[in-house]
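Input: a single structure, listed below in structure tokens.
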Amino acid sequence: MTKLAFFNDLAARWDAMEDLDALLPKLGEAFVQLGVGRDEIVLDLGCGTGNLTAALLAHLSDEGRVIATDISPAMIALAEQKITDPRVTWLLGDAHRLFWPGAACHRVFAYSVWPHFDDPAQVAREIHRTLMPGGVLHVWHLISRQQVNDIHTHASPAVCDDLLAPPDETAALLAEANFRILHAGESDSDYLVTAQKPAP
Ligand SMILES: C[S@@+](CC[C@H](N)C(=O)[O-])C[C@H]1O[C@@H](n2cnc3c(N)ncnc32)[C@H](O)[C@@H]1O
């Protein structure tokens, strides 16, 4: 099974695997901690069925916008059915080859997706291109790195090698793509690397 087939197959079961009543308010609180502005244009990279996007929409003002993209047609189709808010643009696409103009967004969330990228250095360069100067990227999980890697190891041969590196390794990869590292850390319940595209 290819990785794409794996995610297409997972789509219909994804929301049942999440406690959305707990997750959405938790994401909303985290957006405040992370300083997500109410009027920002935010890219949700690997948006899945749109749960981070839903939380972003609750946080953003009428001026805010979300660009939500995923490689899986089944994931995007479910997201579009669930969320009809006109502030979202849904795009089917591969994070390695983002196809919109550069300097287009204030912030990128790569939430629960980073280890699935076959060439994270290429994704980092694409994110750097798409961010406005001063914009930030969050590589983020709300479970521990150990849990992420245990899940992937046992989920399917399609994703068993998709292992999350320690935060300092992810930070080094982002620094190579000309990001400034603002934070790199992990705990028993989360993983966060925040990196900024420097302003000129
Ligand atoms: C574990 S799911 C997480 C979905 C969503 N971020 C969430 O937390 O609900 C990973 C998602 O990343 C997507 N994905 C994997 N590789 C991708 C790529 N190269 N480009 C864009 N999306 C990708 C998958 O299709 C899947 O929807």
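None of the figures in this text is laboratory data; all of them are computed from the coordinates on show. Note that the coordinates shown come from a computational prediction; the quantities given were computed from them, not determined experimentally. Glycine gets a Cβ as well: all are built from the backbone with ideal geometry, and neighbour counts include every protein chain shown.
Filtering region 68-106 to residues that are crowded, with 19+ Cβ neighbours inside 10 Å, assigned to a strand (DSSP E or B) and within 11 Å of the ligand (Cβ to nearest atom) leaves 68, 69, 70.
Might you check whether a residue that is of a type in the set (S, T, N, Q), within 18 Å of the chain's Cα centre (by Cα) and within 19 Å of residue 119 (Cα to Cα) occurs anywhere in region 172-186? Explain how you work it out, then say what you get.
Taking region 172-186 first, the residues of a type in the set (S, T, N, Q) are 178.
If we keep only those that are within 18 Å of the chain's Cα centre (by Cα) too, we end up with none.
No, the conditions are met nowhere in region 172-186.
Just need a number here: residues in region 68-83 that are of a type in the set (D, E, K, R) and under 16 Å from the mean Cα position of the chain (by Cα). Talk me through it step by step, then tell me what you get.
In the first step, residues of region 68-83 are kept if they are of a type in the set (D, E, K, R); the result is 70, 80, 82.
Those still in the list that are under 16 Å from the mean Cα position of the chain (by Cα) too: 70.
Total satisfying the criteria: 1.
Taking region 30-47 as the range and being within 19 Å of residue 130 (Cβ to Cβ) and touching a helix residue (DSSP H, G or I) at 6+ places or on another chain (Cβ under 7 Å) as the test, the residues that pass are 36, 42, 43, 44, 45, 46, 47. Within region 107-118, being out of contact with any strand residue (DSSP E or B) (no Cβ under 7 Å at 6 or more places or on another chain), in a loop (DSSP other than H, G, I, E, B) and not charged (D, E, K, R) holds for one residue alone: 117.
Go over the candidates 46, 28 one by one and state the one that is more than 13 Å from residue 83 (Cβ to Cβ), small (Gly, Ala, Ser), crowded, with 22+ Cβ neighbours inside 10 Å and touching a residue at least 24 places away in the same chain (Cβ under 8 Å). Steps first, answer last, please.
Numbers: 28 fails: crowded, with 22+ Cβ neighbours inside 10 Å.
That would be 46, the only listed residue that is more than 13 Å from residue 83 (Cβ to Cβ), small (Gly, Ala, Ser), crowded, with 22+ Cβ neighbours inside 10 Å and touching a residue at least 24 places away in the same chain (Cβ under 8 Å).
Only residues that are within 13 Å of the ligand (Cβ to nearest atom) and without any contact (Cβ under 8 Å) to a residue 60 or more places away in the chain were counted across region 32-43, and they come to 0.
If you take the residues in region 49-67 that are hydrophobic (A, V, I, L, M, F, W, C) and over 14 Å from the mean Cα position of the chain (by Cα), which one is farthest from the ligand (Cβ to nearest atom)? Full working, then the answer.
First, pick out the residues of region 49-67 that are hydrophobic (A, V, I, L, M, F, W, C): 52, 54-58, 60, 66-67.
Right, trim to over 14 Å from the mean Cα position of the chain (by Cα) and you get 57-58, 60.
Numbers: 57: 14, 58: 15, 60: 17 Å.
Looking at the filtered set, the residue picked out is 60.
Any residue in region 119-131 that is outside any helix (DSSP H, G or I), within 16 Å of residue 200 (Cα to Cα) and touching a residue at least 12 places away in the same chain (Cβ under 8 Å)? Reasoning before the result, please.
Restricting attention to region 119-131, the residues satisfying the condition of being outside any helix (DSSP H, G or I) are 119, 131.
Cutting the leftovers down to within 16 Å of residue 200 (Cα to Cα) gives us 131.
Checking the rest, the ones that are also touching a residue at least 12 places away in the same chain (Cβ under 8 Å) come to 131.
Among the residues of region 119-131, at least one is outside any helix (DSSP H, G or I), within 16 Å of residue 200 (Cα to Cα) and touching a residue at least 12 places away in the same chain (Cβ under 8 Å), which makes the answer yes.
All told, residue 151 meets the bar of being free of Cβ contacts under 8 Å to residues at least 12 places away in the same chain, surrounded by 13 or more Cβ atoms within 10 Å (Cβ to Cβ) and of a type in the set (A, V, I, L, M, F, W, C).
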